[in-house]
Every structure is written in structure tokens, then in C-alpha cells.
Amino acid sequence: MTLPEIVLTEYTPSDLPTLQQWWKDKDVLEYVHELEHQLEGDTPGSKVGAGKYIARRNVRFMVRDAVTGAAVGFICVQVTGASWTEREGEPVMPPFHGGVNIVIDPLRQHGGIGPAALKALFDHPKLENLVTLGGAVDAANKASLGMLRKLGYVPSGPAVKGMVPFTVPGPAARRSSTVSDHR
Ligand SMILES: CC(C)(COP(=O)(O)OP(=O)(O)OC[C@H]1O[C@@H](n2cnc3c(N)ncnc32)[C@H](O)[C@@H]1OP(=O)(O)O)[C@@H](O)C(=O)NCCC(=O)NCCS
């Protein structure tokens with residue numbers, strides 16, 4: 001599988017007008033409706049679900065065409081973990097999980113940028129202590145399911161309320177399995 005050459009750069013507020021253009025797209029609105037929240041920045045230590053707490057502020061990247069530098073996508077990873085005290089605002093402990101949201105420029109979709117960006121993401125040093133990454137994909141989102149299928153990922157369980165769960169090993173898990181493979 002040959003994928004386009006992309007690079008990941010840190011999201012900065014100067015990228016906002018580009019994202020606002022992409023939000024006008026029907027699929028982006030429908031499948032990544034919470035994107036706006038991802039720009040607000042969560043408070044580390046706050047609770048997001050049963051036993052799950054935000055470990056640090058959202059890790060956000062722009063996906064750029066490696067040749068032209070043009071913005072072609074946006075990725076936000078919400079890093080969560082467990083809190084030993086279960087009190088909001090307390091430090092959050094490993095194992096860390098990254099909930100991934102991805103948007104590709106509506107004019108550049110279906111050209112392999114999505115899978116190229118996820119591959120780069122899963123090896124990114126900023127995510128090196130994540131044991132798992134994943135998210136829930138709308139069962140009607142053929143493009144997202146196709147992108148994940150191309151990368152060889154299969155659902156980690158049955159769909160719940162029309163959302164298909166995916167969990168993939170993060171850099172920390174892949175590192176430890178490499179160590180044990182060589183023992
Ligand atoms: C989902 C998304 C990130 C995928 O990125 P991408 O760069 O478009 O991904 P790909 O180029 O690999 O295309 C997706 C694959 O899905 C399949 N696919 C794409 N569109 C499809 C459609 N309308 N019907 C059926 N299959 C489709 C194809 O198999 C395609 O692979 P191909 O190029 O070999 O034909 C992008 O389409 C997007 O931003 N969509 C809107 C926001 C969104 O849904 N985000 C994900 C939320 S979970």
C-alpha cells in the first residue's frame with residue numbers, strides 16, 4: 001500500500017480558519033461534531049467516564065502535505081487514564097489511552113491521507129507512553145471504516161448503539177511486546 005507523504009505538526013490557533021472551513025462539510029459535521037470541543041482544551045484530572053480521567057490537555061496535530069506544507073487534516077487525541085483517588089483534579093495514572101478524532105480536508109479525502117496520518121500518529125513521540133489508542137466509529141461511516149480496514153484494524157467488539165469500537169496497541173504496548181519478543 002503506497003500512501004501519500006505527510007507530516008504532523010502541532011496545531012496552533014492560526015490553523016483555526018482552515019478547520020472552520022472544513023466544519024461546513026456534511027460528513028465532518030455529522031461524524032466529528034465534537035471537534036469544536038477539542039479546541040477548547042480539557043482540564044487534566046477531570047472525569048470523562050466511569051473510572052476514566054483526562055491525563056493531559058488534548059494532543060492536537062495538523063496533517064500537512066510533505067511537499068507543499070499545505071494543511072490537509074487535523075487530529076486530536078484525548079489522553080485518559082485512571083485516578084487512584086477518583087477525585088476530580090487529582091493526578092491521573094497509567095495505563096494511558098488515547099481517544100482519536102481525525103478529519104481530512106473534504107477536498108483531499110479518499111486519497112489515502114487518513115491512513116498515512118494515522119500511521120504517523122501511532123509512532124509519534126508525543127504519544128509514546130500510550131498503551132492503547134482507539135475510538136468508536138459510526139457504523140454508517142464507510143470512509144472511516146475503510147481507512148481502518150486498509151490499515152488492517154478490525155473492530156474490538158460488537159457495535160454499541162450503532163458505534164463500532166476500535167482499540168489498537170499504542171507505542172508503549174508495542175515497545176514492551178518488542179522487548180518480550182527478544183527475551
Ligand atoms: C474518515 C476519513 C478520516 C478517512 O480519510 P481518507 O483520507 O479519506 O481515507 P482513505 O483515502 O483511506 O479512504 C477511505 C477508504 O474508505 C473507503 N471509502 C471511502 N469513501 C467511501 C464511500 N463513500 N463508500 C464506501 N467506501 C468508501 C475506501 O475503501 C477508501 O479506500 P480506497 O482509497 O482504497 O478506495 C475522512 O474521509 C474524513 O475526514 N471524513 C470526515 C470526518 C470523519 O468521518 N472522521 C472520522 C470519524 S471516526
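The values are calculated or read from the model by the stated rules, or taken from the named source; none is laboratory data. As the structure is a prediction and not an experimental result, all values here were calculated from the model. Methodologically, a virtual Cβ is constructed for each residue, glycine included, from the backbone with ideal geometry; neighbour enumeration extends over all protein chains shown.
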Checklist entry - Tell me, which residue of the stretch 119-153 that is part of a helix (DSSP H, G or I) and more than 13 Å from the ligand (Cβ to nearest atom) is nearest to Y11 (Cα to Cα)? => result K126
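If you scan the stretch 154-172, which residues turn out to be in a loop (DSSP other than H, G, I, E, B) and either over 13 Å from V79 (Cα atoms) or within 11 Å of the ligand (Cβ to nearest atom) (or both)?
Kept after step one, since they are in a loop (DSSP other than H, G, I, E, B), are these residues of the stretch 154-172: 154-159, 161-162, 170.
V154, P155, S156, G157, P158, A159, K161, G162 - these are the residues of the stretch 154-172 that are in a loop (DSSP other than H, G, I, E, B) and either over 13 Å from V79 (Cα atoms) or within 11 Å of the ligand (Cβ to nearest atom) (or both).
Answer yes or no as to whether D123 is in contact with a helix residue (DSSP H, G or I) (Cβ under 8 Å, 6 or more places away or on another chain), surrounded by fewer than 16 Cβ atoms within 10 Å (Cβ to Cβ) and under 23 Å from E5 (Cβ atoms).
Values: in contact with a helix residue (DSSP H, G or I) (Cβ under 8 Å, 6 or more places away or on another chain): yes; surrounded by fewer than 16 Cβ atoms within 10 Å (Cβ to Cβ): yes; under 23 Å from E5 (Cβ atoms): yes.
Against the criterion (in contact with a helix residue (DSSP H, G or I) (Cβ under 8 Å, 6 or more places away or on another chain), surrounded by fewer than 16 Cβ atoms within 10 Å (Cβ to Cβ) and under 23 Å from E5 (Cβ atoms)), D123 qualifies.
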Item to check | Among (1) at pLDDT 95 or above; (2) closer than 27 Å to P106 by Cα; (3) touching a strand residue (DSSP E or B) at 6+ places or on another chain (Cβ under 6 Å), the one test that Q38 misses | outcome: (1)
Item to check | Among the residues listed as R87, R56, the single one being more than 15 Å from L8 (Cα to Cα), modelled with pLDDT under 95, within 16 Å of the chain's Cα centre (by Cα) and basic (K, R) | outcome: R56
Checklist entry - Does the stretch 114-127 contain any residue that is in contact (Cβ under 8 Å) with a residue 12 or more places away in the chain and in contact with a Cys (Cβ under 7 Å, 6 or more places away or on another chain)? => result no
